[in-house]
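Step one of this worksheet: look at the structure below.
The values are calculated or read from the model by the stated rules, or taken from the named source; none is laboratory data. This is a predicted model, so every value here is computed, not measured. All Cβ positions, glycine included, derive from the backbone under ideal geometry; neighbour counts span all protein chains shown.
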Amino acid sequence: MKHPDDVSSLTISQVVQATGQARRAVQRQIRNGTFANAFREKRPGGSGEGVWRIPIDDLSAAGIVVDELVLDPAESNPAPGPSVPLQDELARLRAELSEERALRMVAEALAEERANALEHARVELGVLSAAAGNDSATRQAAQRNLPARPRGNWLR
């Protein structure tokens, strides 16, 4: 078993980052014994078990290609998660998404307000048309918010 500080082993998060595999797939491979030399680090103070470490040799033996460019060679224990430029881009995109959501909510409220105003205007127009004409069917239709049916020779 290798020492936890050995840079030739990676955490699950680092494996996910460097290989593109799904986290659950890596966890399943650990449970299934695909990585024979995988081990859990000891937590500082000796309380319980820490994170899983998977030797790079085990990954290679399983046919999994590790993109070492993703891992920072200057760090002996690279931090899991995206790099700083990616984090900045993610923060920018989240802020942009939040702003777009706010704009969408304003647009939806405005559209609803305008739809209500149009409906009100349609009803008022129907009432005014009924008041202007003496046709009782038109007046009744306006009161029920229904379009008036034409009378007479409308089939010609």
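Please go through segment 4-26 and pick out each residue that is hydrophobic (A, V, I, L, M, F, W, C), over 11 Å from L59 (Cβ atoms) and modelled with pLDDT under 90.
Going residue by residue through segment 4-26, those that are hydrophobic (A, V, I, L, M, F, W, C) are 7, 10, 12, 15-16, 18, 22, 25-26.
Still in the running and over 11 Å from L59 (Cβ atoms): 7, 12, 16, 22, 25.
Scanning segment 4-26 gives a single hit, V7.
Looking at segment 28-49 only, could you name the residues that are surrounded by 14 or more Cβ atoms within 10 Å (Cβ to Cβ) and out of contact with any Gly (no Cβ under 9 Å at 6 or more places or on another chain)? Please lay out each step first, then the result.
First pass over segment 28-49, keeping only residues surrounded by 14 or more Cβ atoms within 10 Å (Cβ to Cβ): 29-30, 34-35, 38-39, 41.
Q29, I30, T34, F35, A38, F39, listed by residue number.
A quick yes/no check of all residues on (1) modelled with pLDDT of 80 or more; (2) more than 30 Å from F35 (Cα to Cα):
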position	(1), (2)
A61	yes, no
A74	no, no
A107	yes, yes
G133	no, yes
T138	no, yes
W154	no, yes
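Apart from one condition, R53 fits all of (1) surrounded by fewer than 17 Cβ atoms within 10 Å (Cβ to Cβ); (2) modelled with pLDDT of 90 or more; (3) of a type in the set (K, R); the exception is (1).
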